[in-house]
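Structure first, then comments.
The values are calculated or read from the model by the stated rules, or taken from the named source; none is laboratory data. None of these values were measured; they are calculated from a predicted model. Quick reminder, even Gly has a Cβ in these numbers, built from the backbone with ideal geometry, and neighbours come from all protein chains shown. Note: areas computed on protein heavy atoms with side chains; ligands, DNA, RNA excluded. Shrake-Rupley method; radii C 1.70, N 1.55, O 1.52, S 1.80 Å.
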Amino acid sequence: MNSLPKRLLSVLIAVPITIVFFLFLDTLGPVLTEESGAVDLSSEIFESTMLLVMFATLVFVLIGIPVSYGVDYVAKKMHNHSHVQSYLVKLVLYTMIAVFMIMLTFERGSALDLVPISGIIGPVLIGYHVLFLIRKEYRAKQPAIKKAMS
């Protein structure tokens, strides 16, 4: 399978996982009711979920795919000898990009809040791990001798 189709497949898988991730984060928040003076948003779950699906898909396609090409390019230049080194290098690169996105998107005072961290780092790491599993990068690299014999 070529590189772009794997990346598009990872988007198709990562978006629903990201939606479930956000819905899980919403359940961890306090329950808002009209008696407490807050707005109850339970009737708008479907609309907000559909908006989130469209937004997440756009972000994964327009930002995630080009960034993944850049991360692969940088990781390839680092000459990682094992699959563990490759995994850790890419994990650090994706995390650094997510932190950079947090710094660009949010004010400095709110950069340590839970929403920016989980709202950006979570989807970035979900996208990376889905692509990692689709590519089967967790398998140990075969030595050149085994490749020549098969």
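Descriptive notes on the structure:
- Restricting the first member to region 40-62 and to residues that are at pLDDT below 70, and the second to residues that are surrounded by fewer than 11 Cβ atoms within 10 Å (Cβ to Cβ) and among the acidic types (D, E), the beta-carbon pairs closer than 7 Å and six or more apart or on different chains are D40/E34.
- Every listed requirement among (1) under 25 Å from A56 (Cβ atoms); (2) modelled with pLDDT under 85 is met by T95 save one, (2).
- Residues within region 127-150 that are open to solvent by 30 Å² or more (accessible area, probe 1.4 Å) and either in a loop (DSSP other than H, G, I, E, B) or modelled with pLDDT of 75 or more (or both), tallied: 13
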